[in-house]
Amino acid sequence: MIDSKPHYPLTMRILIELYNNGELPTVRQVLIEPRYGYVARLVYADGGIRMLRRTNVGINNHGACEISSDKGYTKFFLQHLGYNVPRGTVFLMKKYRDLIDSNLSRYGFSDYNEAHQMLDYIEHELGFPVFIKPNEESQGKGVYKCYDARDVSAAHLAAVERGEDKLLVEEAVPYPDYRVVVLDGEMICAYQRVPLRVVGDGQHSIRDLLFARQQMFNTQGREVTINLNDARLRRVLKRHGYALDDVLGVGIELAVMDISNLSAGGDAQDVSTIIHPHWRDLCIRLTQEMGLRFCGVDLACADITDSTSAYSIIETNASPGLDHYAALHPDHLKVVRAMYQRIFLTSPLA
């Protein structure tokens, strides 16, 4: 029997439960680093080896994973494959530009998009609002929605402070946000994501309401920390004319973040039973054409039930984390557990 600990990632806790229950008959041995439970090695009866690192379950081609983690390159391939993507491009931070220029300048190459050019590009090519995001981050980290030049300056400064190399600037697509999870030519689940929000009761401040949300996340076992000092949260409040200590009227709903990532406190509504087959099939085909077997496709779509709706593919995730989705409802956890069992049962040699 393998000991499971509460702080282990959901992937590892499910793996341990399945193995201890005898639900992985094809697996001969499981070795998990015990302190953090972050990595594991599976040995199969046929001699196959699977290495795991948190949400990376060792199922996708490494090159395809690397491209999927790069938003700019993902956009390039999706666009050339004929999918709708937001208009946008990647800009280099000064330190990174200088680094690669030390190599490329010897070939006479100097065709860089530099971060100081972002505002000019936005004003002449895209228009506001736009999203500025780290090119290779996930979970909504460092993502800013910008409505004017001051927002762009704030996003740029924050990127400098974080030591980012590249920033993706793209138009803000005004459609609901969905995550569609695909495994080996089959849709596992689909859900709409909405930003962190609070609902006023006429008595408690926004600060108090966010504290209550944090307590709810803790009870659900979701690894979400609401940072009241997050400049993005404070900018959203200011844009709507609020401060943290203001009291919302009864029934007033306020989104306090511009991003809908579940890891940033967003909520999810399952749409697996209502998504139109067109969108399901599109995400399955896209996953295959990007060289992936397992993928979370981020789809912005005006109406997920209508095959003719406007849409845009925001990005792909080759190691989609489903911890937050699973924590929201027991049925979600069953879906996620069954999916991981299916993955772990199959030897890489099969």
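State yes or no: is Y325 within 17 Å of I275 (Cβ to Cβ), part of a helix (DSSP H, G or I) and hydroxyl-bearing (S, T, Y)? The answer is yes for Y325.
Here's the yes/no breakdown for (1) under 21 Å from the mean Cα position of the chain (by Cα); (2) part of a helix (DSSP H, G or I); (3) closer than 17 Å to Y178 by Cβ:
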{"position": "C283", "(1), (2), (3)": "yes, yes, yes"}
{"position": "T287", "(1), (2), (3)": "yes, yes, yes"}
{"position": "V297", "(1), (2), (3)": "yes, no, yes"}
{"position": "E315", "(1), (2), (3)": "yes, no, yes"}
{"position": "Y340", "(1), (2), (3)": "yes, yes, no"}
{"position": "I343", "(1), (2), (3)": "yes, yes, no"}
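Pairing residues of segment 142-153 that are farther than 15 Å from V256 by Cα with residues that are β-branched (V, I, T), at Cβ distances under 7 Å and at least 6 apart in sequence or on separate chains, gives V152/I122; V152/I132. Among strands (runs of 3 or more DSSP E) entirely within segment 172-225, having at least 1 residues that are surrounded by fewer than 17 Cβ atoms within 10 Å (Cβ to Cβ) singles out 186-194, 197-199.
Counting residues in segment 18-29 that are in contact (Cβ under 8 Å) with a residue 12 or more places away in the chain and under 30 Å from R162 (Cβ atoms) gives zero. If the condition is being more than 17 Å from N261 (Cβ to Cβ) and within 18 Å of the chain's Cα centre (by Cα), then segment 175-187 contributes V182, L183, M187. Of the residues making up segment 226-273, those that are out of contact with any helix residue (DSSP H, G or I) (no Cβ under 9 Å at 6 or more places or on another chain), loosely packed, with under 12 Cβ neighbours inside 10 Å and farther than 24 Å from Y175 by Cβ are N229, K238, G241, G249, V250, G251. Put simply, of V336, V250 the only residue that is closer than 28 Å to L196 by Cβ, in contact (Cβ under 8 Å) with a residue 12 or more places away in the chain, of a type in the set (A, V, I, L, M, F, W, C) and part of a loop (DSSP other than H, G, I, E, B) is V250.
Of the residues examined, K141 is not one that is buried (at least 20 other Cβ atoms within 10 Å of the Cβ) and either under 22 Å from the mean Cα position of the chain (by Cα) or at pLDDT 95 or above (or both).
Condition check ((1) farther than 30 Å from R222 by Cβ; (2) in contact with an Asp or Glu (Cβ under 6 Å, 6 or more places away or on another chain); (3) surrounded by fewer than 13 Cβ atoms within 10 Å (Cβ to Cβ)) across all residues:
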| position | (1), (2), (3) |
| --- | --- |
| N61 | yes, no, no |
| C65 | no, no, no |
| S69 | no, yes, no |
| P86 | no, yes, no |
| K94 | yes, no, yes |
| F109 | yes, no, yes |
| E114 | yes, no, yes |
| K145 | no, yes, no |
| S153 | yes, no, no |
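Residues that are touching a Phe, Trp or Tyr at 6+ places or on another chain (Cβ under 7 Å) and within 13 Å of A338 (Cα to Cα) within segment 177-188 comprise just one, L183. Of all the criteria given as (1) without any contact (Cβ under 8 Å) to a residue 40 or more places away in the chain; (2) under 18 Å from the mean Cα position of the chain (by Cα), the one not satisfied by D230 is (2).
Counting only residues that are small (G, A, S), surrounded by 22 or more Cβ atoms within 10 Å (Cβ to Cβ) and out of contact with any Cys (no Cβ under 6 Å at 6 or more places or on another chain), how many does segment 302-318 have? Explain how you work it out, then say what you get.
So the first thing to find is which residues in segment 302-318 are small (G, A, S), and the list is 302, 307, 309-310, 312, 318.
Pick out the ones that are also surrounded by 22 or more Cβ atoms within 10 Å (Cβ to Cβ) and you get 318.
Next cut, out of contact with any Cys (no Cβ under 6 Å at 6 or more places or on another chain) only: none.
Counting residues in segment 302-318 that are small (G, A, S), surrounded by 22 or more Cβ atoms within 10 Å (Cβ to Cβ) and out of contact with any Cys (no Cβ under 6 Å at 6 or more places or on another chain) gives 0.
Screening N61 on (1) over 22 Å from the mean Cα position of the chain (by Cα); (2) at negative phi; (3) at pLDDT below 95 shows it passes everything except condition (1).
If you check A212, A154, A190, which single one turns out to be in the same structural domain as H276 (by TED's automatic domain parsing) and either under 19 Å from the mean Cα position of the chain (by Cα) or farther than 28 Å from I304 by Cβ (or both)? Please lay out each step first, then the result.
Values: A212 fails: in the same structural domain as H276 (by TED's automatic domain parsing); A154 fails: in the same structural domain as H276 (by TED's automatic domain parsing).
Among A212, A154, A190, only A190 is in the same structural domain as H276 (by TED's automatic domain parsing) and either under 19 Å from the mean Cα position of the chain (by Cα) or farther than 28 Å from I304 by Cβ (or both).
None of Y107, Y121, Y73 is under 24 Å from the mean Cα position of the chain (by Cα) and aromatic (F, W, Y) except Y73.
Filtered by the rule that a residue be surrounded by fewer than 18 Cβ atoms within 10 Å (Cβ to Cβ) and touching a strand residue (DSSP E or B) at 6+ places or on another chain (Cβ under 9 Å), segment 336-346 gives A338, R342, L345, T346.
The values are calculated or read from the model by the stated rules, or taken from the named source; none is laboratory data. These numbers were taken from a predicted model, which means no experiment stands behind them. For neighbour counting, all protein chains shown are included, and Cβ atoms are generated from backbone atoms with ideal geometry for every residue, glycine included.
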